[in-house]
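This report concerns only the one structure given below.
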Amino acid sequence: MKVALTVWENRISPLFDSAGTLLVADIEGHGIKNTRLEPFDCKSPFSRAARLAELGVDVLICGGISDFYANLIEARRIQIVPFATGAADKILKAFINGHIYRKDYRMPGCEISKDRDTSAL
């Protein structure tokens with residue numbers, strides 16, 4: 001599975017729509033096979049969704065994201081875990097261990113039910 005996180009200074013970028021870098025991780029089982037940083041300087045919503053698909057991303061973990069971007073990404077069958085906050089390495093480990101929906105990994109005031117599609121977990 002390939003997971004992408006929007007990052008800014010080793011933390012989850014607060015807004016997907018303006019994020020400039022992705023941390024892309026290849027996950028096998030409960031381990032990280034490798035990680036790399038990818039530039040994400042696409043300007044249009046369509047090119048951002050296309051870039052994620054081009055990278056083979058299965059799951060996107062990000063901070064806030066507008067509905068328009070989210071709809072384009074989900075149309076490419078990429079699962080979105082929005083409203084994440086914190087150090088990118090901690091968030092990635094929380095995702096791998098199934099703890100991504102804990103309140104301390106969410107942006108203030110943003111809660112997502114674990115009932116949401118978690119098939120990639």
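Considering each residue of segment 15-36, count those that are open to solvent by 30 Å² or more (accessible area, probe 1.4 Å), closer than 14 Å to residue 69 by Cβ and either in a loop (DSSP other than H, G, I, E, B) or of a type outside the set (S, T, N, Q) (or both), and give that number.
2
Only one of (1) exposed (fewer than 15 other Cβ atoms within 10 Å of the Cβ); (2) within 23 Å of residue 108 (Cβ to Cβ); (3) in contact with a helix residue (DSSP H, G or I) (Cβ under 8 Å, 6 or more places away or on another chain) fails for residue 12. Which number is that?
Every condition holds for residue 12 apart from (1).
Does residue 31 fit the bill of being modelled with pLDDT of 95 or more and either basic (Lys, Arg) or farther than 24 Å from residue 110 by Cα (or both)?
Here the answer is no, as residue 31 does not meet what is asked.
Could you check how many residues of segment 37-68 are among the charged types (D, E, K, R), surrounded by 14 or more Cβ atoms within 10 Å (Cβ to Cβ) and farther than 15 Å from residue 21 by Cα?
Residues that pass the stated criteria total 1.
Any chance segment 41-61 includes a residue that's within 11 Å of residue 6 (Cα to Cα), part of a helix (DSSP H, G or I) and of a type in the set (S, T, N, Q)?
Checked against the condition, which is being within 11 Å of residue 6 (Cα to Cα), part of a helix (DSSP H, G or I) and of a type in the set (S, T, N, Q), segment 41-61 yields no hits at all.
For segment 71-100, name all the residues that are open to solvent by less than 30 Å² (accessible area, probe 1.4 Å), free of Cβ contacts under 8 Å to residues at least 40 places away in the same chain and either in a loop (DSSP other than H, G, I, E, B) or touching a strand residue (DSSP E or B) at 6+ places or on another chain (Cβ under 7 Å) (or both).
73, 78, 80, 81, 98, 100
The values are calculated or read from the model by the stated rules, or taken from the named source; none is laboratory data. On a predicted model such as this, the values are computed, not experimentally measured, just so you know. For neighbour counting, all protein chains shown are included, and Cβ atoms are generated from backbone atoms with ideal geometry for every residue, glycine included. Ligands, DNA and RNA are stripped out before the accessible areas are found, and what is left, the full protein with its side chains, is counted by its heavy atoms. Shrake-Rupley method; radii C 1.70, N 1.55, O 1.52, S 1.80 Å.
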